[in-house]
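Here's the structure, in structure tokens; my notes come after.
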Amino acid sequence: MSSSVERAVRFIWEEYSEQLSLADIARSASLSRFHLCRIFQAATTISPFRFLAAVRIYQARHLLLTTSISITDTSFAVGYNSVGSFTNYFTTSVGVSPRLFRRVARHGGFGFPCPAAGTAAGEEAVCGTISLPAGYPGARVYLGAFTTTVVQGQPAAASVIDIPDDGRPVPYRLPNVPQGKWFIHAVGVAGSTGPEPWARKTALVGTHNPVSVTAGTAARVTVSLRPRRITDPPVLLALPDLEAWMTGPASSGGKPVST
């Protein structure tokens, strides 16, 4: 089953700029549309079309960072027929418009996203521990409470956490989380396990789906990090360069990014 989903995911990454149908994606995995949808959702947490939309926005980000083509041409290049639809979905997913994303990325880069505006302070929170997989010499992690299974949009609360290489879980607390159900997502990078200082760092992710926050309570969630898989939806939220986190001090020292 997993190999079928991986074939479908690879097909999406290769053909995202085309006008793909569900039948096209299912055919790439040698499955029926119904069977593909069922096992794809189980493996990736989202539908094939939502995965396709995430890949398109991710690739649009790359084009905006590395080329000078117009916003209109960028939208067409990643498979959108409507510039308006592209701009709206990009803004909702990344947190800023395509034009602002290009300008900020080229003039200093992004800071850590702040919690969504309008969330009232209160006693509600999400807290617990976060841990590394075995064999990784420390990591820096961005942890937040989101409304979706994809890391997109503004978080309700967020923290930057340094995890040492002693193998022990690190406590965290996300304060002022509004009542409701939230997906707790973690994204970060771990230091190289090899002796060469130039060795590639490893992207890590962790997710807990979903957690209920009720009035006056602190929900407890354990987050276990792991290396990214091909079936993980791309991270769409505008974040600082993850590898650059490892070269300097944390911005928040494990405290909330904003209150």
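Values for this structure:
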read-out: Dipole of region 2-106, positive end: most advanced residue of Phe90, Phe76, Ser21 [Cβ charges, Cα centre]; value: Phe90
read-out: Theoretical FRET efficiency, 1/(1+(r/R0)^6), r = Cβ-Cβ of Gln41 and Thr129, R0 30 Å, to 0.05; value: 0.55
read-out: Calculated FRET efficiency for the pair Arg27/Thr147, C-beta based, R₀ 25 Å, to 0.05; value: 0.15
read-out: At R0 = 22 Å, FRET efficiency that the Cβ-Cβ distance of Arg10 and Ser85 yields, to 0.05; value: 0.30
read-out: Part-to-part distance (alpha-carbon centres) for region 203-242 and region 29-51, which is given in Å; value: 21
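We did not get these values from a lab; they are worked out from the coordinates using the rules stated. These numbers come from a predicted model, not from an experiment. Positions of Cβ are backbone-derived with ideal geometry, glycine not excepted, and every protein chain shown enters the neighbour counts.
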